[in-house]
Structure formats: C-alpha cells, structure tokens
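Colleague: What follows is a single structure, and I will ask about it in a moment.
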Amino acid sequence: MQSGLDSITAIQVLVDLSRLLAEATVPDEVLARLADAAAGRLDVVAVVVIGVGDDGATRVLAARGLPPGVVGMTSPADDFDGLLVRRLIEAAEGRAGAARTYPLVSGGGLYGALLLLDRGGGDVDAVTEALEEGMANLAAVALDKAFHEAELRRALEELRQSREALLRAERLKALGEMAVVVAHEVRNPLAAMGGAMQILETRMAHTPADQKIVRMVLERLRGLNAMITEMLSYARPKELSLDSVDLLALAREVVEAAANDPSAAGVQLRHAGAAVLCRGDRDQLSRVVLNLVINAMQALAGRGSVEVSVSQAGSCCELAVVDDGPGVPEAIRGRIFEAFFTTRGGGTGLGLAIARGVVERHGGTLELLSPPEGGAVFRIRLPG
Ligand SMILES: Nc1ncnc2c1ncn2[C@@H]1O[C@H](COP(=O)(O)OP(=O)(O)O)[C@@H](O)[C@H]1O
Ligand SMILES: [Mg+2]
C-alpha cells in the first residue's frame with residue numbers, strides 16, 4: 001500500500017489548491033492548475049485530465065509526466081475496455097502500471113475525469129484516496145464556476161453587441177429621415193443665397209478684401225450644398241441607369257477629374273490595367289471611384305501615390321484604388337463603411353457608406369484590403 005501523507009498535510013494541499021483554483025477564470029486554467037497541483041503534490045508517475053464531450057467521447061485535455069503528444073488523444077463514448085487508459089499507460093513507457101480515476105462532477109454535470117497513473121501493484125491508503133478525490137471535487141466545482149462565468153461573459157457580450165447594433169440602426173434611421181428634411185428645407189434657400197451672392201459679387205464687391213469675403217461665402221455655400229447632396233444620396237439612393245461601361249476609360253476620367261481636387265497637390269495619380277467592359281451606372285460608378293480616390297489623396301496628405309487599376313478577375317470586373325498612405329488602422333477597419341463614421345474633421349462619414357451601397361445595388365462588392373506592406377486598397381468587384 002502506498003502511503004506517506006498525514007491528514008494535516010492533505011488538508012493543507014486541498015486548501016492551497018482551492019486558493020489556486022479560485023483565481024482561475026477560464027476552464028483551461030482550472031485544468032492546468034489541477035494537473036500542476038496533482039503532479040506536484042501526489043506521489044504518482046503521471047497526471048492526466050480528460051474531458052467528456054457532449055457525445056460522450058473522451059479527450060485528453062492536459063497531462064503531466066507524459067510526452068506532450070498525448071494531449072488531444074481521444075476515445076469514443078463506448079470505450080468500455082479502457083482503451084484510452086491503456087494507451088496512456090503505454091505512453092508512460094514502463095513507468096506506470098495502473099490508473100486511478102476520479103470523475104470531475106459538479107452541479108449535475110460530468111466534465112471529465114482526473115486520471116492518476118502510478119507504478120501499480122497496490123491500493124492507496126485512505127488519506128491519499130480522500131486527498132485525490134478532494135482535489136478532483138474542488139476542480140469540478142471550479143470548472144462549473146468557470147464554465148458558467150464564460151457563458152455569462154459571452155451572453156453579456158452578445159447583449160452589448162445587439163444593443164449597440166440596435167442603437168446604431170435607430171440613429172441611422174433618425175438621421176436618414178432628418179437628412180431628407182434638411183436637404184429639402186435647406187438646399188433651396190442655400191441655392192437662393194448662392195444666386196444672390198453671385199449677383200452681389202458682380203454689382204458691389206470692388207475692393208479685393210470684399211471680393212475675398214464674397215468668394216469665401218460662395219465657397220462655403222458650395223461645400224454645404226455638396227454635403228447636403230451627399231446626405232440625400234445616402235438617404236434616398238438614386239435608381240441605377242444601366243449601360244455598358246468601359247472601366248478603364250472611367251478610371252482615366254476619374255483620375256483626370258481628381259487632379260483638380262485641392263487634395264491632389266503633391267500626389268501622383270495614375271490609372272492602369274486593361275479595357276474591361278461591365279454593365280453599370282456610369283455616373284454613379286464614377287462618383288464612387290472619385291470618392292475613393294479623394295479619400296486616398298486625403299489620407300496621403302500631400303505625399304505619395306494613388307493608382308486606379310482595372311482588371312478582369314474570372315467573370316468579375318475589378319477596379320481597385322490603391323494608395324501607399326498610412327492605411328486604415330486595424331481598430332477602425334470594421335467601421336469605416338458605416339454611415340457617419342469619419343476620422344476627418346469636417347468629414348461626413350458618408351462617402352464609403354454611399355459607395356458600398358451603389359456597388360451592392362450593382363450586385364457587386366466593395367472591400368478594404370490592407371496589404372502587409374502598408375497603404376490601403378479599396379477593391380470593387382462587379383459582375384461581368
Ligand atoms: N485610403 C484611405 N486610407 C486611410 N483611411 C481611409 C482611406 N479611405 C477612407 N479612410 C477612412 O475611412 C473613414 C470614412 O471614409 P468616408 O466614408 O469616405 O468618410 P469621410 O471621408 O467623410 O471621413 C475616413 O474618415 C478615414 O478614416
Ligand atoms: Mg470620404
């Protein structure tokens with residue numbers, strides 16, 4: 001009979017283990033701490049923790065004193081002959097002769113078992129057996145807690161996400177409705193103001209200082225009008241007017257137009273690729289690509305290059321706007337296509353949302369690729 005443990009020591013081991021397990025927050029940590037404590041405090045050849053899946057099959061989750069390859073070993077639910085135990089004993093290469101098994105049961109759930117391999121050839125004394133059983137029971141309770149906590153965390157996270165999505169959707173709806181009202185109520189007076197201002201410009205602005213002021217007002221009015229147009233085209237997308245579109249020609253025109261934008265200063269602009277024909281709304285696609293190019297030029301802040309490249313990818317037509325700027329930070333990649341998401345002071349955050357909407361109404365996709373060498377690639381794929 002194996003012995004050597006007095007009951008005071010055994011209790012101390014259990015107290016220590018319960019403290020260690022109380023700090024474990026995830027199931028894997030509980031298993032690892034159980035395996036470490038058993039290997040460190042028990043007179044055994046090896047310690048194995050096995051888990052039981054929903055289908056009753058068992059799987060080695062942690063092992064101490066055996067080659068690392070045993071972790072992950074499985075056996076089917078009907079392993080009545082103890083095949084897994086035999087394979088574990090074999091893995092101990094002659095050092096182990098027998099295994100003692102303690103189920104990890106708590107709250108009505110069977111999580112698995114603690115397997116202790118020893119040299120064999122005898123029973124253990126009552127204190128050792130009580131200690132081993134106590135360790136398994138403590139671990140099972142900790143596992144129960146860790147699983148419940150993990151589930152709770154997952155449920156809370158899901159709740160948080162769906163709440164956020166709901167809030168976002170509500171906000172978008174309200175903003176979309178507001179955009180329509182603002183567009184109608186503001187755009188007309190704005191146009192009238194612009195017209196009046198132009199008349200004033202010709203009639204009375206004589207000093208250079210006055211001319212500067214009038215030009216500034218007109219410039220601001222144009223900016224406001226552009227923003228309202230953007231809001232409206234998000235809230236009320238235009239129907240597509242389909243035609244056969246040469247994407248390479250479109251790319252060339254967009255590059256030419258983009259060169260007039262103030263953000264083009266210091267930026268190299270080019271188009272490349274082969275002539276590719278697809279069906280689409282030429283005006284709307286042009287605006288999408290122009291928006292992507294302007295975004296890229298704004299990201300470059302006066303230094304770098306933007307290429308609009310066109311290609312045939314299988315049955316799809318592909319157009320990519322590639323820049324060698326700072327790229328989109330990982331933390332916001334999931335959000336840049338959301339309406340009203342912007343990192344630019346003065347940005348509306350509508351450009352990419354509208355662009356994706358237009359491309360998707362064509363039955364295509366608009367995606368951001370972030371190549372490892374940096375920069376940003378916005379790739380449009382349209383059905384051929
Ligand atoms: N080429 C790019 N490089 C880096 N960031 C980009 C690029 N294009 C878009 N972004 C990011 O995506 C955000 C949303 O773009 P967009 O929808 O066009 O709105 P806006 O241009 O009004 O900010 C930008 O504020 C910017 O942070
Ligand atoms: Mg933009």
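The values are calculated or read from the model by the stated rules, or taken from the named source; none is laboratory data. For clarity, every value in this text was computed on a predicted model and none was experimentally measured. As a convention, Cβ positions derive from the backbone with ideal geometry for all residues, glycine included, and neighbour counts pool all protein chains shown. Heavy atoms of the whole protein, side chains included, go into the accessibility calculation; ligands, DNA and RNA do not. Shrake-Rupley method; radii C 1.70, N 1.55, O 1.52, S 1.80 Å.
Colleague: Calculate, for the chain, the solvent-accessible area per residue in square angstrom, rolling a 1.4 angstrom probe over the heavy atoms of the protein chains.
Modeller: On the way: 21330 Å² over 384 residues.
So the chain comes to 56 Å² accessible per residue, rounded to a whole number.
Colleague: Taking only complete DSSP H runs, can you tell me which helices of the chain stretch 24 Å or more along their own long axis by Cα positions and average at least -0.5 on the Kyte-Doolittle scale? Working shown, then result.
Modeller: Numbers: long enough: 126-203 (108 Å, 0.02); 208-235 (40 Å, 0.14); 282-300 (27 Å, 0.55).
Correct list, ordered by number: 126-203, 208-235, 282-300.
Colleague: In addition: So what is the orientation-averaged projected area of the chain, using the convex hull of its C-alpha atoms, in nm²?
Modeller: Numbers: hull surface 121.7 nm².
The orientation-averaged projected area of the Cα hull of the chain comes to 30.4 nm².
Colleague: Loop sites only, by DSSP: take the GluC sites (Glu not before Pro) in the chain that have at most 16 other C-beta atoms within 10 Å and name the longest stretch containing none of them.
Modeller: My reading of the result: 94-238 is the longest stretch.
Colleague: Looking only at the chain, where both bridge partners belong to it, what percent of the DSSP beta bridges are antiparallel (to the nearest 5)?
Modeller: Numbers: 48 of 56 bridges.
If I count the DSSP bridges inside the chain, around 85 percent turn out antiparallel.
Colleague: Cut-off 17 Å, label point 7 angstrom out along Cα-to-Cβ of residue 242: give me the residues of segment 332-358 whose amide nitrogen falls inside.
Modeller: What the label zone holds, given the 17 Å backbone N cut-off, is 358.
Colleague: Here's something else I'd like to know. Using only alpha carbon pairs under 8 Å that are at least six residues apart, calculate the relative contact order of segment 236-291 and give it in whole percent.
Modeller: After rounding, I find 55 percent.
Colleague: How much accessible surface area, in Å² rounded to 10, belongs to the heavy atoms of residue 184 with a 1.4 Å probe?
Modeller: Here the accessible area works out near 90 Å².
Colleague: Which value, in debye to the nearest 20, describes the size of the charge dipole of the chain about its Cα centre when Lys and Arg Cβ atoms bear +1, Asp and Glu Cβ atoms bear -1, and nothing else is charged?
Modeller: Its charge dipole is roughly 2040 debye.
Colleague: May I pose another question? Can you pull out the trypsin sites (Lys or Arg not before Pro) in segment 277-384 that DSSP calls coil and that have at most 11 other Cβ atoms within 10 Å?
Modeller: Taking segment 277-384 and a limit of 11 other Cβ atoms within 10 Å, the loop trypsin sites (Lys or Arg not before Pro) found are 303, 344.
Colleague: In vacuo Debye scattering of segment 7-155, one point per C-alpha: log10 I(q)/I(0) at q = 0.09, 0.18 Å⁻¹?
Modeller: After summing over all Cα pairs, the log10 values are -0.26, -1.07.
Colleague: In segment 117-167, carbon and sulfur make up what percent of the accessible area (probe 1.4 Å)?
Modeller: Values: 1880 of 3220 Å².
Taking all protein chains in place, segment 117-167 shows 58 percent carbon and sulfur surface.
Colleague: Follow-up question, since we're still on this one. Counting only helical runs of four or more DSSP H residues, what would the 222 nm mean residue ellipticity of the chain come to if each run contributes -39,500 (n - 2.57) and the total is spread over all its residues?
Modeller: One gets -17000 deg cm²/dmol as the mean residue ellipticity at 222 nm.
Colleague: Under a cut-off of 24 Å between alpha-carbon atoms, report the lysines in cross-link reach of residue 238, not counting same-chain residues fewer than 8 places apart.
Modeller: Hits, sequence-local ones excluded: 173.
Colleague: Okay, next question. Got the relative contact order for the chain handy, in percent, Cα pairs under 8 Å and 6 or more residues apart?
Modeller: In percent, rounded to a whole number, it is 11.
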